[in-house]
Ligand SMILES: [Zn+2]
């Protein structure tokens with residue numbers, strides 16, 4: 001009697017462990033049909049509740065630049081001159097500064113020649129020198145106006161190099177702060193910018209109005 005009751009106690013103690021093992025097996029082992037299901041599953045099925053997804057499919061046309069305005073936007077801005085409508089902050093006879101309509105960060109500027117030209121080596125030297133001089137002065141303005149910790153300065157020549165408007169050269173000038181990026185720009189071509197274009201224009205125009213090259 002004593003032996004059997006001892007066995008029973010052991011068995012009852014083991015029972016929950018066995019159940020747990022069985023449960024673990026169910027999760028780990030998948031049948032062929034389950035494997036097929038997994039292959040065709042979407043990211044929502046595999047990582048349910050792992051992250052919040054914000055879906056704004058109507059933004060795709062801007063991100064992919066499917067909606068292209070007719071003519072060159074920079075030449076139009078040059079023709080219109082300094083104004084919020086053109087986003088032009090500065091213009092002289094050779095070079096100009098425009099606020100980027102789709103900024104990667106607050107205060108993202110484009111510094112460019114007035115002349116419609118997509119290749120740096122085809123620019124007249126005096127124009128190139130004026131543009132780079134303006135680029136340097138604009139970087140000082142951005143640093144002062146935004147108190148940024150760093151800057152990205154760059155030129156993409158040609159669409160294969162990433163130029164959105166390849167026919168009209170433009171240097172990008174982007175203020176940077178520690179921790180100003182997250183996964184959005186990496187996976188979704190989308191950047192959350194906290195300042196409106198009006199605010200950026202309003203912040204920068206007093207500096208460019210005073211600028212003399
Ligand atoms: Zn142009």
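In this simple spin-label approximation, residue 167 and residue 124 carry label points 7 Å from Cα along the Cα→Cβ vector, and these lie 2.2 nm apart.
Let me check against my output: what whole-number percent is the relative contact order of segment 74-131, with C-alpha pairs under 8 Å and at least 6 apart?
Numbers: 79 pairs, mean separation 15.8, N = 58.
So the answer I get is 27 percent.
Give me D for segment 71-210 in µm² s⁻¹, whole number, from Stokes-Einstein with Rh from the Kirkwood sum over alpha-carbon pairs, 10 °C and 1.306 mPa s. Translational diffusion coefficient: 104 µm²/s. Here segment 82-138 is described by how far its Cα atoms reach on the three principal axes: 31, 21, 21 Å, from widest to narrowest.
Bear in mind that the values in this text are calculations on the coordinates, not laboratory data. Note that the coordinates shown come from a computational prediction; the quantities given were computed from them, not determined experimentally. Backbone-built Cβ (ideal geometry, glycine too); neighbour counts: all protein chains shown.
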